[in-house]
Amino acid sequence: MALKESEAIVLRTYPLREADLLVTLFTRLEGKVRGVARAAKKSKRRFGGALEPLTVVKAYYEDRERQELARLDSCEVLDSPLATQVSYPRAVALGHVAELLDELLPDREANDAIFRLALSVLGRLRGCDVWLPVTYFELWMTRLVGFLPELTECLACGRSLNGSRAYFHALADGLMCADDKRLASSEISPESRALAAQMFRSPVEGFTGVPWAKTQGADLRKFLVQTLQRHIEKKLVTAGMLEKL
């Protein structure tokens, strides 16, 4: 069978036998692909540093008959997160991007919009300022996988939330007005809702140079993480790590 060739983002690698690696790739051609890289721990010519998480590569692989896992033949590095200094906050943020892609994407389903989003956010995650690209990525991923509810009206009564206070709850799919909020709800500020609207209108590069503290958009990130976790029915490990930064 002929080798397939695709631009791809390395998401995960796991040891498999003595020298092999089990690799999860987000390919532009076919979406998420899992494969085995034979002798990857020994072959610098075929893989080198190309299998580090979040490395953008040109991947060559083939599907094997009656096998769920592809055979990863080789990878060429196109862009590596290790090309610049990796601080702890940046390492956690990169891990968060990888975890979201791995948890939210189905196998073998191409999604060029999410692929382009990932590339643009990885390009922005170059320094210690992680909160803008993390917020942008969480927001757009939630929207592109179809989990983002309407942010301008109350899910209970349908009242417009523009200019008024809004609340969210870990067990509810959307925002609520002050009259319909549940016990133990959290508030999401008008500023954060306006920020979300702005992010839907602008590429992440459009926010370059804008100072961004952890507190900015924190309520929006909490809302997005709760929404994602409710749909995938599990905790996002890296979300907890980010909150501890």
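Miscellaneous remarks
- From the coordinates of this entry, volume of the Cα convex hull per residue in Å³ is computed, and it appears in (i) 108; (ii) 154; (iii) 138 under the label (iii).
- Protein-only accessible surface at a 1.4 angstrom probe places the residues LEU82, LEU105 in the order LEU82, LEU105, largest first.
- Between 0 and 90°, nearest 10: helix 131-144 axis offset from the chain longest Cα axis: 90
- The C-alpha atoms of the chain define a longest principal axis, and helix 218-232 lies at about 60 degrees to it.
- From its DSSP helices (H runs of at least four residues, each -39,500 (n - 2.57)), the chain gives a residue-normalised ellipticity at 222 nm of -10000 deg cm²/dmol.
- For segment 30-162: rounded, prolate or oblate by the Cα gyration tensor [a/c cutoff 1.5]: oblate
- Potential lengthening between THR84 and GLU7 on full extension [0.36 nm per residue; Cα-Cα distance subtracted]: 25.6 nm
- Taking all protein chains as they are arranged and a probe of 1.4 Å, the heavy atoms of SER87 leave approximately 30 Å² accessible to solvent.
- Note on GLN67 and ALA110: the model spin-label points, each 7 Å out from Cα along the C-beta direction, lie 2.4 nm apart.
- 13 Å beta-carbon shell around GLY240, net charge (K/R +1, D/E -1): +3
- For segment 13-99, the set of trypsin sites (Lys or Arg not before Pro) satisfying both a DSSP loop assignment and a count of at most 13 other C-beta atoms within 10 Å is given as ARG17, LYS42, LYS44, ARG45, ARG64, ARG66.
- Pairwise centroid distance, computed over Cα atoms, of segment 15-56 with segment 68-85, Å: 6
- Here the accessible area of the chain is 52 percent carbon and sulfur, with a 1.4 angstrom probe and all protein chains present.
- Area of ILE232 that stays accessible when all protein chains are in place (1.4 Å probe, Å², to 10): 40
- Residue-level accessible surface for GLU153, protein heavy atoms, 1.4 Å, Å²: 90
- At an R0 of 41 angstrom, the distance between the Cβ atoms of ALA19 and ARG230 translates into a FRET efficiency of 0.50.
- Farthest toward the positive end of the dipole of the chain, out of LEU144, LEU119, ILE232, is the Cα of LEU119, where the dipole comes from beta carbon charges about the Cα centre.
- Counting only DSSP beta bridges whose two residues both lie in the chain, roughly 90 percent are antiparallel.
- For LYS32, the amide hydrogen comes within under 5 Å of the amide hydrogens of THR27, ARG108, GLU109, counting only partners 5 or more places away or on other chains and with H modelled in the peptide plane.
- Whole-Hz Karplus values for segment 99-111 come out as 5, 4, 4, 5, 6, 9, 8, x, 5, 6, 9, 4, 8 Hz, taken residue by residue from phi with 6.51 cos²θ - 1.76 cosθ + 1.60 and θ = phi - 60°; glycine and proline positions read x.
- Rounded to the nearest 10 degrees, the inclination of helix 190-201 to the longest alpha-carbon principal axis of the chain is 40 degrees.
- Segment 194-245: trypsin sites (Lys or Arg not before Pro) falling in loop per DSSP and having at most 12 other Cβ within 10 Å: LYS234, LYS235, LYS244
- Cα centroid separation, segment 174-245 to segment 124-148 (Å): 10
- Remark: accessible surface ordering of ASP102, ASP173 (largest first) is ASP173, ASP102, probe radius 1.4 Å.
The values are calculated or read from the model by the stated rules, or taken from the named source; none is laboratory data. These figures come from a predicted structure and were not determined experimentally. Every residue, glycine as well, gets a Cβ built from its backbone with ideal geometry; the counts of neighbours run over all protein chains shown. These area figures cover heavy atoms from the full protein model, side chains too; ligands, DNA and RNA do not enter into them. Shrake-Rupley method; radii C 1.70, N 1.55, O 1.52, S 1.80 Å.
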